[in-house]
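Everything below concerns the one structure shown next.
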Amino acid sequence: MGKRSLTVKKLLAELTEILREAGLPDPKLEIPKSPEHGEASCTSAFELAKKLRKSPMEVAQDLASKAKSLLEKRKGLVKSIEVVEPGFINFRVDWPSYAVRIIEDVLNSAEAYGASDMGKGRRILVEHTSVNPNKALHVGHARNVCLGSALARLYEFAGFDVIVANYIDDSGSQMADIILGIKHLGYSKEPPEGMRFDEYCGDRIYVGVNRLLEQKPELSEKKRLLIKEIEDRSSESFRLSREVALMVLKEQLKTCWRLGASYDIMNRESDVVAFGLWEEVFSRLKQKNACYLATSGPKAGCWMLDLSGHKKLSKEGDEVLVKSDGTTTYVARDIAYAAWKLGIVEKDFKYKLFGKNPDQSDILITDVDGDVDFKVGRVDATIAVVDVRQRRPQEIVRYALGLLGADPSRYVHFAYEVVSLSAKEAERMGLKVSDAEFVHMKGREGIYVKVDSVIDSIKEKVISETAQRHPDWNPKKVEQVAESVAVGALVYALVKGDADKIIIFDREEALKIEGDTGPYLQYSYARACRILEKAQTKQVKVVRRENLEKQEIDLLREVSLFPLVVEESVKLMLLKKLANYAYGLASAFNNFYESCPVLTEDEETMNFRLNLVKAYLITMGNCLRVLGVPIVQEM
RNA sequence: GGGCCCGUGGCGCAGAAUGGACAGCGCACCGGCCUUCUAAGUCGGGGGUCGCGGGUUCGAAUCCCGCCGGGCCCGCCA
């Protein structure tokens, strides 16, 4: 890793200093949206005007003239100051020297360009994916995986020590459905030839069993008994459910890896109780008087979490933790698990090796006979990537942590909206839609679109496109590039939008690879690679260039902003900031590419531009890596 | 009934943390640009009462209140 990048921050620091000296204790600085307003702008004149009973223009002019005289003495990055109606103070830099600073900064920092140390010394646990181990991933799960893994990489890039966890809900109803199918309804444990086990479980057994449950209500009793039986760790059903869960998980991970995710630990829900986490948390809750045994009413015999102190949750009544039959609810186990994540319980999991990520790092899984020495230890915060429908239970967990004496702000629910199917897409699946615009996916009814099928569809299109463009490529190369481009298209589509907005999935739309898409970013990167590839010279010194073209400046500007965007994205937990930035960066490069030839220019210009292209590649590369859009050298 | 989220050109979105400089972009549509580093690109054109109504402010897509439309959550399920 190279040095940390400083250029933009230096500029902002310099301006703050100048303005302070000019008499502004706390100057309001912003980066103008449009380059024509300079590289930085101060809006303090507006708020000051009121106090001073002058017009914003007068105040601005006053400040600007003071700043100007200070400027002349300093010889810093700032070159000129101008006041613009109705009261902006705009600052311009000396671009030829600023450009050198930016490029040198990027080239020296290399893969660390944009990284920060804001998370230095802090450890966080990011939990994502957490798909029930009874089915293959659908596009809604893909949104979780992409957001979660990008978030983890973003935090890592920002200097945090990140642990990635995947919560495996291997007990309860959805697991019982599969066991019911295999043990009592004649479903084989082996999938049909050519079918993945996760798809077999989800598409055939889960859907099939639920159809039967609707038709034959007497089966429900059998299922109820199974759920209890699975909780008995010495039972045959428990053994079978573990086996099935592991087999499904193994297949699910292939999809996750395809999307660029990786994991450190996988925690099994069944182990939350087995390792005594719940027991400990339960007694602590009792100690703190946070829960009570209901003795009358409809919840008689249940242990309830007292929500009366919560402003909003209290309106909906207390929450059941232990059912009258003595078993725990999902929320209860989640509270115990969350307490473990924050390191406020004595009890701990044991782990054994489950497998390896594509980068060969270990994936551990909880196991009572675990033999791997692994401790999460104290984490400063934990982020649970879970869709919005679980806002209430997540808030209950958070509140319960507070009752246990932890700081609830350490528990973060990263909520995102669901992915639904467009009416067209639903019709393609043979569903009657009536006049609805979209249809929510439903696992047990078989209403969903699987991730791999989507990537494969895009890939198929990209393969024919690529083969046409590169008749000289062998099929293997075409296939590899197409895989990256297809994944890039899907990943970008899932992280670029507002997480609070529902995504209406339509296969036709997903196939688009023009405009504001992942391939647009990849393409601009590949074009830049080609320039460097064709250039014979290798390392050239960065030399000042006097008359910069507008497109060069625009590209430099974008490149220079990357570190700020990263920090902003971290602070606000907004991946779309980073994604939108990537688009603007690619766009700036494409404009540069269009009007600023590199290889055909005189040596001086060529060398400058080659370095600029290098700086672009580093910036875009770092950005794409965090987002999870695969990098391709050619396409 | 209570709580949360969304509503910006025909369609899909950005802009909303810290109110500010003409509301940007993509798709679709129309018209240009490949003997020059990959046209998955680029340039130009038409198209918007920022859901509606109030309020705060020198200034509101952005903040506050009310309403309308759409979605989600409120189980001894997970």
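Miscellaneous remarks
- Any chance A:G159 is under 29 Å from the mean Cα position of the chain (by Cα), among the small types (G, A, S), closer than 28 Å to A:K496 by Cβ and crowded, with 23+ Cβ neighbours inside 10 Å: no
Rundown of residues vs (1) under 24 Å from A:E546 (Cβ atoms); (2) touching a residue at least 24 places away in the same chain (Cβ under 8 Å), yes/no style:
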residue: A:L12; (1), (2): no, yes
residue: A:L24; (1), (2): no, yes
residue: A:L29; (1), (2): no, no
residue: A:K33; (1), (2): no, no
residue: A:K54; (1), (2): no, no
residue: A:A60; (1), (2): no, yes
residue: A:K66; (1), (2): no, yes
residue: A:E72; (1), (2): yes, no
residue: A:V83; (1), (2): no, yes
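- Selected residue (only one of A:E552, A:E509, A:E546 is of a type in the set (D, E, K, R), surrounded by 18 or more Cβ atoms within 10 Å (Cβ to Cβ) and in contact (Cβ under 8 Å) with a residue 40 or more places away in the chain): A:E552
- Scanning the range A:347-395 for residues that are of a type in the set (F, W, Y) and in a strand (DSSP E or B) gives A:Y351, A:F354.
- For A:G343, the test of being touching a residue at least 12 places away in the same chain (Cβ under 8 Å), on the phi > 0 side of the Ramachandran plot, crowded, with 18+ Cβ neighbours inside 10 Å and in the same structural domain as A:V162 (by TED's automatic domain parsing) is passed.
- Residues located in the range A:314-331, provided they are in contact with a strand residue (DSSP E or B) (Cβ under 9 Å, 6 or more places away or on another chain) and more than 8 Å from RNA strand B (Cβ to nearest atom): A:D318, A:E319, A:L321, A:V322
- Any chance A:A615 is surrounded by 23 or more Cβ atoms within 10 Å (Cβ to Cβ), part of a helix (DSSP H, G or I) and within 11 Å of RNA strand B (Cβ to nearest atom): no
- Odd one out for A:D516 among (1) surrounded by 15 or more Cβ atoms within 10 Å (Cβ to Cβ); (2) away from RNA strand B (no atom under 13 Å from the Cβ); (3) acidic (D, E): (2)
- Residues of the range A:413-456 that turn out to be more than 12 Å from RNA strand B (Cβ to nearest atom), among the small types (G, A, S) and within 25 Å of the chain's Cα centre (by Cα), as a count: 1
- Single residue of A:A60, A:A64, A:A40 found to be modelled with pLDDT of 90 or more and over 42 Å from the mean Cα position of the chain (by Cα): A:A64
- Among the residues listed as A:K496, A:K501, A:K571, A:K576, the single one being near RNA strand B (Cβ under 9 Å from one of its atoms), surrounded by 18 or more Cβ atoms within 10 Å (Cβ to Cβ), under 30 Å from A:H413 (Cβ atoms) and basic (K, R): A:K496
The values are calculated or read from the model by the stated rules, or taken from the named source; none is laboratory data. Here the structure is a predicted model, which is why all the values come from computation and not from measurement. A quick note on method: Cβ atoms are made from the backbone with ideal geometry, for glycine too, and the neighbour counts reach across all protein chains shown.
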